[in-house]
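Here's the structure we're looking at; comments come further down.
Any read-out appearing in this document is the output of simple, stated calculations on the displayed coordinates, not a laboratory observation. Being a predicted model, the structure only gives us computed values, none of them experimental. Reconstructed Cβ throughout: ideal geometry from the backbone, glycine too, with neighbour counts over all protein chains shown.
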C-alpha cells in the first residue's frame, strides 16, 4: 500500500540546506497499522505529508496505493487523495458553520456521492448519532475528534493518515478516541499510518518506527493486541 525508497527531504535554512529526512525506507502492507514516533522537530509531520503526496521528496521515491507520486502532478495527487486517503489531525479542522452530520458528509459531497445513510452509519459507529445536528461549538473536544474520525472514515479510504490524533485530548478521552480509531481501522480494513508522541498508542500498532536524525528505525515490541 505504501512503498518508500531512499527518501530524503531538505529545506533552506539561514546557514544553507537543512536535511530533514535522509535515506528513509518504509513498506506498509494493506490493512496494516504503523506508528511513527520521535522527538518534536524530528520530521514526523514532514514524512507524513510526503507519504500523503502533500509534498514531494528531494530525493527517492514514494509509491502510494500503487501510484508513484513523483510521476503525478499536483492535480493527480489531489485526485488520488480524494479517492483513497483519509486524514485525522491533532486539531479537529471541523467547519464551525456546519453540523456534525454536515461535516461528516462533506467528503462524500465533494466527491459527488452524497450518502446520508453512510453518514448516519459512521456517526452511530463513533457514538454520536444523537448529536448529529450539533455544531462543533456545542461539542466537547473528544466529541469533535470523534466527528473528525467519522469524517475520515465516511468515504471508506484505503489509507488513513493520523497526525497526533489524541494530542489535544486528556488521557481518558484520548484513550476512548484511540480505541475508536483502531476499531474502525480493523472493521474497515483501512491501512493506518499515525504520528504520535504517545508510546501506549504506538504499541497498539502492528509496527512502530522511530524517526531520529532524519532516519527511520524499527522499534521492537509493537504488537497489536488480539
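As an exercise, take the mean of 1/r over every pair of distinct alpha carbons in the chain, invert it, and state the Kirkwood radius in angstroms.
Value: 18.0 Å, from the Cα pair sum.
Starting from 0.36 nm per residue, how many nanometres of slack lie between residue 110 and residue 175 once their C-alpha separation is accounted for?
Full-extension gain reported as 20.3 nm.
Among 76-85, 35-44, how do they line up by average Cβ neighbours within 10 Å per residue, starting with the highest?
Ranking, from highest mean packing down: 35-44, 76-85.
When a/c is below 1.5 the answer is rounded, else prolate if a/b is larger than b/c, else oblate, so apply that to the stretch 14-138 with a ≥ b ≥ c taken from the square roots of the Cα gyration tensor eigenvalues.
The shape class here is prolate.
So how far apart, in nm, are the two label points at residue 197 and residue 30 if each is 7 Å from Cα heading toward Cβ?
In this crude label model, residue 197 to residue 30 measures out at 3.7 nm.
For residue 8 and residue 102, compute 0.36 nm times the residue count separating them, minus their Cα-Cα distance, and round to one decimal in nm.
Between residue 8 and residue 102, full extension yields 29.9 nm more.
Need the full-extension length gain, residue 130 to residue 156, defined as separation in residues times 0.36 nm minus the C-alpha distance. One decimal, nm.
Length gained between residue 130 and residue 156: 7.1 nm.
Rounded to whole Å, give me the distance from the Cα center of the stretch 26-76 to that of the stretch 135-174.
Using only Cα atoms, the two centres lie 21 Å from each other.
Test of understanding: ordering 87, 161 by Cβ neighbours within 10 Å, fewest first, what list do you get?
Neighbour counts put them in this order, fewest first: 87, 161.
Can you tell me the equivalent ellipsoid semi-axes for the stretch 105-188? Use √(5λ) from the Cα gyration tensor, largest first, whole Å.
After diagonalising the Cα gyration tensor, the semi-axes are 20, 16, 11 Å.
Would you calculate, for the chain, the mean residue ellipticity at 222 nm contributed by helices, counting each DSSP H stretch of 4 or more residues as -39,500 (n - 2.57) and dividing by all residues, to the nearest 500?
Mean residue ellipticity at 222 nm (helix-derived): -10000 deg cm²/dmol.
Could you rank the peptides 188-199, 114-125, 146-157 by their average count of other C-beta atoms within 10 Å per residue, with the highest value first?
Packing proxy ranking, top to bottom: 146-157, 188-199, 114-125.
Mind giving me the FRET efficiency for residue 93 and residue 71? R0 is 22 Å, r the Cβ-Cβ distance, nearest 0.05 is fine.
Result of the calculation: an efficiency of 0.15.
Relative to the longest principal Cα axis of the chain, at what angle does helix 141-153 sit, 0 to 90 degrees, rounded to 10?
The angle comes out near 80 degrees.
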